[in-house]
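Engineer: Here it is: the structure, laid out below.
The values are calculated or read from the model by the stated rules, or taken from the named source; none is laboratory data. Remember, predicted model here, so these are calculated numbers, not experimental data. Methodologically, a virtual Cβ is constructed for each residue, glycine included, from the backbone with ideal geometry; neighbour enumeration extends over all protein chains shown.
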Amino acid sequence: MTGNRKLLRRRDLLRGATLGSGALILGGCDAMNENATFRSALRVAEKLNQATHRTLADRASLAPEFALSDISPVFKTNGSLTGTSTDYLAHLQNNFADWRLRIDGMVANPLDIGLDALRAMPARTQITRHDCVEGWSAIGQWQGTPLRLLLQKAQLSPRAKFIVFHCADNYGARPYYESIDLIDAFHPQTILAWGMNGETLPVKHGAPVRLRVERQLGYKHAKYVMRIEATDDLSKFHGGKGGYWEDVGDYEWYAGI
Amino acid sequence: MEAAPEITQEVIKRHALSTRLWHWTNAFVATILLMSGLMIFNAHPRLYWGDFGSREDYAWLQIDDTRTTGFVRIGSASVETTGVLGLSLDANDNVRRMAFPSWATITTGYDLGAARRWHFAFAWVFALGLTAFMLMSLVNGHIRKDLHVRRAEWNPRALWRDIKNHARLRFGDDHGAGHYNIMQKFSYIGVIFILLPLLILTGITMSPAMNTAWPWLLDVFGGRQSARSLHFIAAALMALFVVVHLIMVLLSGPINGIRSMIAGRHVATPKPDKAGDLA
């Protein structure tokens, strides 16, 4: 009898523990998610992932490139479908004839460069896979000017650590922007694309130019780029986390995964 | 006289410390990975084969809603799943148009950034834990002694007997004596050496940065969207394994089973003849 009772008690205990841990996981995770210490502990993994990727991959390791026959029949549009600033809308009316890309910040030779001048520079064409943070992928052909050529032309300061892309689209109430480090900025596949699938880059995909940074997720590929700014400190821009979705959705700044 | 029942019980050492540590770490970590993974899936509840796939392309699996009902579609077959999948109520009885219901996801509300952070942090514990467990099991003989399928066990009649025994909820003479029966061996081998590595590798294949470091992974799995599909299928099989595993624990003596996985020791039930002798 005593043995049975002991067994019963023990069984209740186990059952309680099982149900309890289930409830803990369900209710506890949201609470933990709000805990600042826990959040920063999880954030360590972002740095670990970036360090691992940078260790395993060469600085210039290329994203897979595809054949013309692999291109997605319809490349899904996402995010903003047009620039929204008055400046941008005027340029759109004028077919970007007077549009100038501004390159400034920590550079010795700030540039204002038009679309024709950009197209006249050595270009790279690549058929790559675009991976959205949500999980979908689309393959497209991109033609554009390697960012490193522009940064060399602008004589990037040796003190600069990041390149910030200021965009012409407001997503919600805030202006879109993004940033990358110099390893990705000087990567051979990092281009300012003005052509897509053999045609002029369509407005819905970021005309006149969008960033392609092929080793990272879609939200890093800023559309409607108006100004490129070299800096050593991301905290002074907007929400301070280096990008629109980083500020608004708390997405990782490093989006290699 | 009171001590008599104690004498007939045989206490045997069953699970090594490394096995027990890994088991409970995994029970926790796998739950987190599954629940945060379901939240990530909610961001795009469609699966494809090949390199690419988006709303513009054909999805072989879709968990979605028609605004009033939830459904799961696999190929051309569609099942209504209102209340659970595609469309469900959250804790406050608000209608939620999400593939997986809030009680199954981390976080309970839609938060892709947070779910990704949970997933990619705990994935490290998962991958390093599996690696450590595999190494320890190689060193301490767990693989050779306990998981290795012996020649006699491959005998079709022995296999059939074990299947019949399982169907009758009798789990073999060996059960409890410190040996795994053949069905147990197959499922543990399948999970440890196929399913779990598959989850880790298909996960890595989805990373655009890792695609530049290990592009061969894309060839192995047939493209990023195929890897995503396989990741989901492997996770579903893993969840199925856990359900069957828990049922088996309940049916084959939960107290003893859980005790042996916590303390490492298993109390074998005395054989009737042995008990008779002692009495």
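Engineer: Residues that are touching an Asp or Glu at 6+ places or on another chain (Cβ under 6 Å), of a type in the set (A, V, I, L, M) and more than 18 Å from A:Lys204 (Cα to Cα): does region A:103-110 have at least one?
Structural biologist: No.
Engineer: Next question, about the same structure. B:Gly253 versus (1) over 24 Å from A:Thr128 (Cα atoms); (2) small (Gly, Ala, Ser); (3) at pLDDT 95 or above: which is the lone unmet condition?
Structural biologist: (3)
Conditions (1) basic (Lys, Arg); (2) at pLDDT below 85, marked per residue:
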position	(1), (2)
B:Asp162	no, yes
B:Asn165	no, yes
B:Arg170	yes, yes
B:His175	no, yes
B:Gly190	no, no
B:Phe193	no, no
B:Leu198	no, no
B:Gly203	no, no
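Engineer: So, of the residues in region A:127-160 that are among the aliphatic types (A, V, I, L, M) and within 14 Å of another protein chain (Cβ to nearest Cβ), which turns out to be nearest to A:Lys220 (Cα to Cα)? Don't jump to the end; show me each part of the working.
Structural biologist: So the first thing to find is which residues in region A:127-160 are among the aliphatic types (A, V, I, L, M), and the list is A:127, A:133, A:138-139, A:147, A:149-151, A:154, A:156, A:160.
Among the residues that remain, those that are also within 14 Å of another protein chain (Cβ to nearest Cβ) are: A:127, A:133, A:138-139.
Values: A:Ile127: 18, A:Val133: 10, A:Ala138: 15, A:Ile139: 16 Å.
Once the filter is applied, the top-ranked residue is A:Val133.
Engineer: A further question on this structure: Does region A:80-100 include one or more residues that are over 19 Å from the mean Cα position of the chain (by Cα), within 25 Å of A:Asp181 (Cβ to Cβ) and away from chain B (no Cβ under 14 Å)? It would help to see each step written out before you state the result.
Structural biologist: Within region A:80-100, the subset over 19 Å from the mean Cα position of the chain (by Cα) is A:84-100.
Among the residues that remain, those that are also within 25 Å of A:Asp181 (Cβ to Cβ) are: none.
No: zero hits.
Engineer: If we scan region B:220-228, do we find a residue that is more than 11 Å from every other protein chain (Cβ to nearest Cβ) and hydroxyl-bearing (Ser, Thr, Tyr)?
Structural biologist: no
Engineer: Criterion first (within 23 Å of A:Thr55 (Cβ to Cβ), touching a Gly at 6+ places or on another chain (Cβ under 6 Å), within 11 Å of another protein chain (Cβ to nearest Cβ) and at pLDDT 95 or above) does B:Ala213 satisfy it?
Structural biologist: Considered against the rule, which asks whether it is within 23 Å of A:Thr55 (Cβ to Cβ), touching a Gly at 6+ places or on another chain (Cβ under 6 Å), within 11 Å of another protein chain (Cβ to nearest Cβ) and at pLDDT 95 or above, B:Ala213 comes out as no.
Engineer: Which one of these is within 25 Å of A:Thr82 (Cβ to Cβ) and without any contact (Cβ under 8 Å) to a residue 12 or more places away in the chain: A:Glu214, A:Glu229, A:Glu178, A:Glu134?
Structural biologist: Exactly one residue qualifies, and that residue is A:Glu134.
Engineer: Quick check on A:Asp104: is it over 30 Å from B:Ile40 (Cα atoms) and under 24 Å from the mean Cα position of the chain (by Cα)? Write out each step before concluding.
Structural biologist: Details: over 30 Å from B:Ile40 (Cα atoms): yes; under 24 Å from the mean Cα position of the chain (by Cα): yes.
Answer is yes for this residue.
Engineer: Further, regarding this structure: Looking at region A:220-235, is at least one residue at pLDDT 95 or above and within 14 Å of chain B (Cβ to nearest Cβ)?
Structural biologist: Yes - at least one qualifying residue is present in region A:220-235.
Engineer: Can A:Leu182 be described as crowded, with 22+ Cβ neighbours inside 10 Å and either in contact with a strand residue (DSSP E or B) (Cβ under 8 Å, 6 or more places away or on another chain) or closer than 22 Å to A:Gly114 by Cβ (or both)? Walk me through it before giving the result.
Structural biologist: Values: crowded, with 22+ Cβ neighbours inside 10 Å: no; either in contact with a strand residue (DSSP E or B) (Cβ under 8 Å, 6 or more places away or on another chain) or closer than 22 Å to A:Gly114 by Cβ (or both): yes.
Answer is no for this residue.
Engineer: Quickly run through region A:55-64 and pick out the residues that are more than 7 Å from every other protein chain (Cβ to nearest Cβ) and not β-branched (Val, Ile, Thr).
Structural biologist: A:Asp58, A:Arg59, A:Ala60
Engineer: Now for a separate question. May I ask you to list the residues in region A:234-257 that are without any contact (Cβ under 8 Å) to a residue 40 or more places away in the chain and either under 25 Å from A:Asp116 (Cβ atoms) or not small (Gly, Ala, Ser) (or both)?
Structural biologist: Scanning region A:234-257 gives A:Lys236, A:Lys241, A:Glu246, A:Asp250.
Engineer: For region A:33-54, which positions are facing another protein chain (nearest Cβ under 9 Å) and either within 22 Å of A:His187 (Cβ to Cβ) or of a type outside the set (Gly, Ala, Ser) (or both)? Walk me through it before giving the result.
Structural biologist: Taking region A:33-54 first, the residues facing another protein chain (nearest Cβ under 9 Å) are A:33, A:39, A:41-46, A:48-50, A:52-54.
Selection gives A:Asn33, A:Arg39, A:Leu42, A:Arg43, A:Val44, A:Glu46, A:Leu48, A:Asn49, A:Gln50, A:Thr52, A:His53, A:Arg54.
Engineer: Turning to a different aspect of this structure: Pick from A:Ile180, A:Ile163: which is out of contact with any Pro (no Cβ under 9 Å at 6 or more places or on another chain) and within 14 Å of chain B (Cβ to nearest Cβ)? Step through it out loud before you land on a result.
Structural biologist: Working: A:Ile163 fails: within 14 Å of chain B (Cβ to nearest Cβ).
That would be A:Ile180, the only listed residue that is out of contact with any Pro (no Cβ under 9 Å at 6 or more places or on another chain) and within 14 Å of chain B (Cβ to nearest Cβ).
Engineer: Say whether the condition of being aromatic (Phe, Trp, Tyr), closer than 30 Å to B:Leu47 by Cα and in a helix (DSSP H, G or I) is met by at least one residue in region B:88-106. Outline the logic, then answer.
Structural biologist: Our first condition is that a residue be aromatic (Phe, Trp, Tyr); within region B:88-106, this holds for B:100, B:103.
Checking which are closer than 30 Å to B:Leu47 by Cα leaves us with B:100, B:103.
Those still in the list that are in a helix (DSSP H, G or I) too: B:103.
Taking every residue of region B:88-106 in turn, at least one turns out to be aromatic (Phe, Trp, Tyr), closer than 30 Å to B:Leu47 by Cα and in a helix (DSSP H, G or I).
Engineer: Among the residues of region A:70-78, is there at least one that is acidic (Asp, Glu), surrounded by 13 or more Cβ atoms within 10 Å (Cβ to Cβ) and within 23 Å of the chain's Cα centre (by Cα)? Reasoning before the result, please.
Structural biologist: Just the residues of region A:70-78 that are acidic (Asp, Glu), to begin with: A:70.
Now restrict to residues that are surrounded by 13 or more Cβ atoms within 10 Å (Cβ to Cβ): A:70.
Subsequent filtering for residues that are within 23 Å of the chain's Cα centre (by Cα) retains none.
The answer is no, given that none of the residues of region A:70-78 is acidic (Asp, Glu), surrounded by 13 or more Cβ atoms within 10 Å (Cβ to Cβ) and within 23 Å of the chain's Cα centre (by Cα).
Engineer: A follow-up question, please. What do you reckon, is B:Lys185 modelled with pLDDT of 85 or more, away from chain A (no Cβ under 14 Å) and surrounded by fewer than 16 Cβ atoms within 10 Å (Cβ to Cβ)?
Structural biologist: Numbers: modelled with pLDDT of 85 or more: yes; away from chain A (no Cβ under 14 Å): yes; surrounded by fewer than 16 Cβ atoms within 10 Å (Cβ to Cβ): no.
In short, no.
Engineer: Hey, another quick one. With B:Ser137, B:Ser78 as the choices, which residue is at negative phi and either assigned to a loop (DSSP other than H, G, I, E, B) or out of contact with any helix residue (DSSP H, G or I) (no Cβ under 6 Å at 6 or more places or on another chain) (or both)?
Structural biologist: B:Ser78
Engineer: Scanning region A:188-211 for residues that are surrounded by 24 or more Cβ atoms within 10 Å (Cβ to Cβ) and touching a residue at least 60 places away in the same chain (Cβ under 8 Å), which turns out farthest from the other protein chains (Cβ to nearest Cβ)?
Structural biologist: Result: A:Pro208.
Engineer: Collect the residues in region A:240-257 that are more than 13 Å from chain B (Cβ to nearest Cβ) and in contact with a strand residue (DSSP E or B) (Cβ under 8 Å, 6 or more places away or on another chain), keeping them in residue-number order. Please lay out each step first, then the result.
Structural biologist: Looking only at region A:240-257, we keep the residues that are more than 13 Å from chain B (Cβ to nearest Cβ), and these are A:240, A:242.
Once the filter is applied, which keeps residues that are more than 13 Å from chain B (Cβ to nearest Cβ) and in contact with a strand residue (DSSP E or B) (Cβ under 8 Å, 6 or more places away or on another chain), region A:240-257 yields only A:Gly242.
Engineer: Between a residue in region A:84-111 that is in a loop (DSSP other than H, G, I, E, B) and any residue that is basic (Lys, Arg), which pairs come within a Cβ distance under 8 Å, given they are 6 or more apart or on different chains?
Structural biologist: A:Met106/A:Arg159; A:Asn109/A:Lys153; A:Pro110/A:Arg102
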